[in-house]
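One structure is given here, and the rest of the page talks about it.
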Amino acid sequence: MKRIALLGATGSIGSSALDVIARHPDRFEVLALSAHSRVDELIALCARFRPAQACIADARGYPALRDGLRQRGLATEALAGSEALESLASDPATDTVIAAIVGAAGMGSTLAAARAGKRLLLANKESVVLAGDLLMRVAREHGASIFPIDSEHNAIFQCLPAGGTRQGVRRLLLTASGGPFLGRTRESLRAVTPEQACAHPNWTMGRKISVDSATLMNKGLEVIEAHHLFGLPAQCIEVVIHPQSVIHSLVDYIDGSVLAQLGNPDMRTALAHGLAWPERIDSGVAPLDLPQLAHFDFAKPDLAAFPCLGLAYAALRTGGTAPAILNAANEVAVAAFLDRRLPFLGIADLIASTMEALPVEPAGDPAVLLAVDALARARANELLKDMSQA
């Protein structure tokens, strides 16, 4: 019986994880759940899964969470704040932590799980972008096992030899659907709305990651994440547009073999793989019907129309705190776009300007990274004001 802390339970990854968990009550027990601010949804999940603890990251929601649990007659202990999240991630009672918090806010709890030597199912790519070197070092030192839950990285994990060795690997090929604006020119994207950007053709995701997919920044963050997870340099990690989203990624070997992982576009596959590895369990995902697939298409990404991918590669090559600056500026830019304070094309412009405005430092410890993250956000917001006044 695996005992699980699910951090980010009310998001799309959290919902998929709980669906898989509920299919196997003999294998998995939920000991802790967290949400950012959705108190009512968190209480409803507590009523269904009866965890020992529940945490609301936004401490303003603590009274509502505490009182709501009492009114339901639930014995679940109410917690709040980032320190409580880190406590859940490192609790000796749990052996598995699903890190599904969106954005840099997930870094602290992800690092806490690694320090506690947990089996870490990693769906929070931003924490790897922000603190990849640190996270991998902490995981090695404390015996944590990291299982990537992004469909692309999970596919690569499945295509690598047992133990994750890189022997004989020539390239990692990350597939990208191209998002809702595949084939569009840069000029045609000027009037794009948040609703259009969030209408992903293949995947059901949250608003932030949907916009990242539309700009191809999501793929850029995944390139940086793949570098840290699998230890390959930028020149050995390529992005291939594959609109069908059936081939989730590929590994190219020096002997000419290319191994691919295929499946229907459903995050439950990767979650079931991470939860049960090295076994295989039913995820609830329908089997792939190959005869119904007319064809597979592949293309190179258009960096002129979608410059965010190029910015991510540049940050990876620069190293140090450059990826942290990239990530922070992107979060500010996407939030502004969703609030209609920044046009779609302004996302890349704001990120590039922020990266140009700040010096790059060695990324040595969490304090430095958090300080750079805060500085980059502040600078991005200053630049955003200037852009809106221009």
Residue hits (segment 332-352; surrounded by fewer than 18 Cβ atoms within 10 Å (Cβ to Cβ), assigned to a helix (DSSP H, G or I) and not aliphatic (A, V, I, L, M)) are Asp349
Taking segment 267-284 and keeping residues crowded, with 19+ Cβ neighbours inside 10 Å and out of contact with any Leu (no Cβ under 6 Å at 6 or more places or on another chain) leaves Met267, Arg268, Thr269, Ala270, Leu271, Ala272, His273, Leu275, Ser283
Name the residues in segment 307-329 that are more than 16 Å from Leu375 (Cβ to Cβ) and of a type outside the set (Ser, Thr, Tyr), would you? Pro307, Cys308, Leu309, Gly310, Leu311, Ala312, Ala314, Leu316, Arg317, Gly319
Could you please tell me which pairs satisfy a Cβ distance under 7 Å, a separation of 6+ or placement on different chains, a first residue in segment 286-308 that is assigned to a loop (DSSP other than H, G, I, E, B), and a second residue that is of a type in the set (Gly, Ala, Ser)? Leu288/Gly263; Pro301/Ala176; Leu303/Gly310; Pro307/Ala348
Listed by first then second residue, the pairs whose first member lies in segment 159-181 and is under 21 Å from Ala299 (Cβ atoms) and basic (Lys, Arg), whose partner is in a strand (DSSP E or B) and modelled with pLDDT of 95 or more, with beta carbons under 7 Å and at least 6 positions apart or on separate chains, are Arg170/Asp252; Arg170/Tyr253; Arg171/Glu238; Arg171/Asp252
Within segment 14-61, residues being touching a Gly at 6+ places or on another chain (Cβ under 6 Å) and crowded, with 21+ Cβ neighbours inside 10 Å number 3
Sort out which residues of segment 249-266 are part of a loop (DSSP other than H, G, I, E, B), surrounded by 13 or more Cβ atoms within 10 Å (Cβ to Cβ) and not small (Gly, Ala, Ser), and write them in order of number. Asn264, Pro265, Asp266
Among the listed residues Met136, Met205, which satisfies the condition of being modelled with pLDDT under 90, surrounded by fewer than 20 Cβ atoms within 10 Å (Cβ to Cβ) and not assigned by TED's automatic domain parsing to the domain that holds Pro323? Met205
Which is part of a helix (DSSP H, G or I), surrounded by fewer than 24 Cβ atoms within 10 Å (Cβ to Cβ) and outside the structural domain of Asp133 (by TED's automatic domain parsing), of Ala324, Ala367, Ala328? Ala367
For Gly183, which of the numbered conditions (1) in contact with a helix residue (DSSP H, G or I) (Cβ under 9 Å, 6 or more places away or on another chain); (2) part of a loop (DSSP other than H, G, I, E, B) fails to hold? (1)
Please indicate, with yes or no, whether at least one residue in segment 222-244 is surrounded by 23 or more Cβ atoms within 10 Å (Cβ to Cβ) and assigned to a loop (DSSP other than H, G, I, E, B). no
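The values are calculated or read from the model by the stated rules, or taken from the named source; none is laboratory data. This structure is a prediction, so every number in the text was calculated from the model and none was measured. Cβ sites come from the backbone with ideal geometry, for glycine too, and all protein chains shown count toward neighbours.
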